[in-house]
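J.: Sharing a structure here in structure tokens format.
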Amino acid sequence: MADTARLQIGDQSVELPIVEGSEDEKALDISALRSETGHITLDQGYGNTGSWQSGITFIDGDKGILRYRGYGIEDLSEHSNFIETSYLLIWGELPTAAQLEEFSDLLTKHQMLREGLKHHFNLFPPNSPPMAVLSSVLNALSCYYPELLEIEDDEMFTEAAARIMAKVRTIAAYSYRQQLGHHIEYPHPNKKYAENFLHLMFSQPYNEFQPEPELVKALDLIFLLHADHEQNCSTSTVRMVGSSEANLFSSVAAGVCALWGPLHGGANIAVVDMLEKIREENLSVSSFVDQVKNKKAGIRLMGFGHRVYKNFDPRATIIKKSCEEVLAKLDIDDPLLDIAKELETVALEDEYFIQRKLYPNVDFYSGVILRALGIPKAMFTVIFAIGRMPGWIAQWYEESKATKISRPRQIYTGPVLRTYQPVEERP
Ligand code: ACO
């Protein structure tokens, strides 16, 4: 196997080292290309650009493989839980029983918000988008923990990471209650992570929310399945912001903003909107698929397609199974699930989707399951953000060991040099 590649530009020949990852992925190292040849590479949307070497998450999009720190997503989904998996992502190894207990205790210790911070919620107008509130309040955490703005060692990182992991759930639930004008519920000291989130969302002073264990398990699974996904749009944003040595709170707040868009985390809302539209307008699945294929109206089959997976998204397979189990167990008959299944069947047999290798992604079924949990649509992407938090934290810390600020270049296509004209002389 060659360890260099040769690039010919006119008369000039350059050798590019080949970098190989632990799973045989190969990259051409072009870091000296501009200084040696005056050329840069152009890759809009970064489909062929490896921005980092990372030891956190491995995806093989052609084979439908996803692994966190070497462990298969199927294995973790079946045997682990969100908090243990978060530990794995952040610190690289599965915890011992003592480490897991220590981490859980730390999360319990840090789950409350400072009373002052709670006032921020009242300043947002009614019906503020929860993703905006989440991102703002996460950023505001940096005002409350000035001692953690510069992380000097693992201990400080652990403090900051645990504070964010613990508080993001509280902030997310508060953003929902603020929308409703409801009182703010305190986190419960004895409830586990996912159950505590449901308590924060739905308990009333006179009525503590007691969810079915299946629902708690399904929510925990949703968090786990979203926990990391290598260099996607929001994670790259977190790393990019972190590369300027911006603090962890502000960097993950930026991640929330990137996740918000409908082509990324917001797709789970768009999927349910699409399923509702099909139902309300009494559209047949095949006529909707025809609209997608004809592209005129710019309609996409939301929850289908992925930049990396050109095969089944393994998370979608797991979430679909969980969705069916939860709905059956709770005896919920959701017509949107039937429409989703029919859409999947029709699309997977259609040449348009086959040719383009478009398969259901994680968002295709997550909305249906979140509806069954009683989570309002506006909170779907917030749930994704809670799940993705350990991944962002791990990726930020890995990036913080690097010394270079991220600063891509561009090919300029605007006007060439021109001279300023006073306004009265302009045509
Ligand atoms: N429905 C219909 N056509 C699609 C879809 C879709 N969901 N996704 C891609 N295509 C088509 C494109 O129109 C294009 O067709 P063309 O070759 O005729 O021009 C081709 O497939 C390639 O599409 P790109 O947009 O170039 O693929 P890209 O990798 O840039 O986009 C993305 C990936 C953004 C996820 C896209 O598939 C999409 O918009 N999907 C719907 C939104 C969605 O579900 N997002 C969630 C992604 S998972 C996540 O973030 C957690």
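J.: Counting only the backbone N, which residues of the range 342-366 are under 19 Å from the spot 7 Å out from the Cα of residue 280 toward its beta-carbon?
T.: Taking a point 7 Å out along Cα→Cβ of residue 280, no residue of the range 342-366 has its backbone N under 19 Å.
J.: For the chain, set up a Gaussian network in which alpha carbons nearer than 10 Å are linked by springs, and say which option among 77, 284, 243 fluctuates the most.
T.: 284
J.: Could you work out, for the range 118-167, what percent of all Cα-Cα pairs fall into each 5 Å distance bin, beginning at 0 Å and stopping at the bin that holds the largest distance?
T.: Binned Cα distances yield the sequence 4, 18, 26, 20, 14, 10, 6, 2, 0.
J.: How fast does the range 211-314 diffuse by Stokes-Einstein, in µm²/s, taking the Kirkwood radius from C-alpha pairs at 10 °C and 1.306 mPa s?
T.: Estimated diffusion coefficient is 97 µm²/s.
J.: When the Cα atoms of the range 345-416 are enclosed in a convex hull and the volume is divided per residue, what value in Å³ results?
T.: Values: hull volume 16.0 nm³, N = 72.
Enclosed volume per residue, from the Cα hull, is 222 Å³.
J.: Give me the one-decimal nm value for the distance between modelled label points at residue 331 and residue 425, 7 Å along each residue's Cα-to-Cβ direction.
T.: Between residue 331 and residue 425, the label points sit 8.4 nm apart.
J.: So what is the orientation-averaged projected area of the range 196-256, using the convex hull of its C-alpha atoms, in nm²?
T.: Averaged projected area of the range 196-256's Cα convex hull equals 5.5 nm².
J.: Could I ask something else about it? Please give the peptides 7-20, 353-366 ranked by average Cβ packing (other Cβ atoms within 10 Å per residue), highest first, as a rough proxy for protection.
T.: Those peptides, ordered most packed to least, come out 353-366, 7-20.
J.: Quick one: work out Rg over Rh on the C-alpha atoms of the range 1-135, Rh as Kirkwood radius. Numbers along the way, then the final one.
T.: On the way: Rg = 22.9 Å, Rh = 20.0 Å.
Answer for the range 1-135: 1.15.
J.: Turning to a different aspect of this structure: At 222 nm, what helix-only mean residue ellipticity would the chain give, in deg cm²/dmol to the nearest 500, using -39500 (n - 2.57) for each DSSP H run of four or more?
T.: Values: 18 runs with 221 residues, N = 427.
Computed mean residue ellipticity for the chain: -16000 deg cm²/dmol.
J.: Once whole DSSP H runs in the chain are found, which of them have Cα atoms spread over 24 Å or more along the helix axis and a mean Kyte-Doolittle score of at least 0.0?
T.: TM-like helix candidates: 380-400.
J.: Could you check how many percent of all C-alpha pairs in the chain are farther apart than 40 Å?
T.: 23 percent
J.: List the GluC sites (Glu not before Pro) in the range 39-94 that DSSP assigns to loop (not H, G, I, E or B) and whose Cβ has at most 13 other Cβ atoms within 10 Å. Which are they?
T.: Filter output for the range 39-94: 93.
J.: Can you tell me the length gained on complete extension of the stretch residue 143 to residue 312, counting 0.36 nm per residue apart and subtracting the Cα distance? All intermediate terms of the calculation are to be shown ahead of the outcome.
T.: Numbers: separation 169, 0.36 × 169 = 60.84 nm, distance 4.25 nm.
Between residue 143 and residue 312, full extension yields 56.6 nm more.
J.: As an exercise, identify the chymotrypsin sites (Phe, Trp or Tyr not before Pro) in the range 78-144 lying in DSSP coil whose Cβ has no more than 12 other Cβ atoms within 10 Å.
T.: Nothing satisfies the criteria.
J.: Additional query: Count neighbours as other Cβ atoms within 10 Å of each site's Cβ, and list the chymotrypsin sites (Phe, Trp or Tyr not before Pro) in the range 226-297 that are DSSP loop with at most 16 such neighbours.
T.: Of the chymotrypsin sites (Phe, Trp or Tyr not before Pro), not one in the loops of the range 226-297 has a Cβ with at most 16 other Cβ atoms within 10 Å.
J.: Using the Kirkwood formula over every pair of different C-alpha atoms, what hydrodynamic radius in Å results for the range 272-427?
T.: With all distinct Cα pairs of the range 272-427 included, I get 19.2 Å.
J.: Now for a different question. Here is the link list: 320/401; 310/401; 26/310; 26/295. Which ones come out longer than 29 Å on Cα distance?
T.: 320/401; 310/401; 26/295
J.: Express the relative contact order of the range 189-262 as a whole percentage, based on alpha carbon pairs under 8 Å and six or more residues apart in sequence.
T.: Relative contact order of the range 189-262: 22 percent.
J.: Which of the pairs 167/191; 63/321; 321/377; 118/277 have their Cα atoms more than 26 Å apart in this structure?
T.: 118/277
J.: Run the numbers on the chain and let me know its relative contact order in percent, using alpha-carbon pairs under 8 Å that are six or more apart.
T.: Values: 561 pairs, mean separation 85.4, N = 427.
With pairs under 8 Å counted, the relative contact order is 20 percent.
J.: Here is a further query. What is the magnitude of the charge dipole of the chain about its Cα centre, with +1 placed on the Cβ of each Lys and Arg, -1 on the Cβ of each Asp and Glu, and no other charges, expressed in debye to the nearest 20?
T.: Working: 41 positive and 59 negative charges, 272 e Å.
It works out to roughly 1300 debye.
J.: Straight-line reach from residue 293: which aspartates and glutamates have a Cα under 15 Å away, not including same-chain ones fewer than 8 places off?
T.: Once the sequence-local aspartates and glutamates are set aside, what remains near residue 293 is 344, 349, 350, 351.
Where a number appears in this text, it was derived from the coordinates with a stated rule and is not lab data. Predicted model only: the values in this text are computed from it and were never measured. Cβ atoms come from the backbone with ideal geometry, glycine included; neighbour counts cover every protein chain shown.
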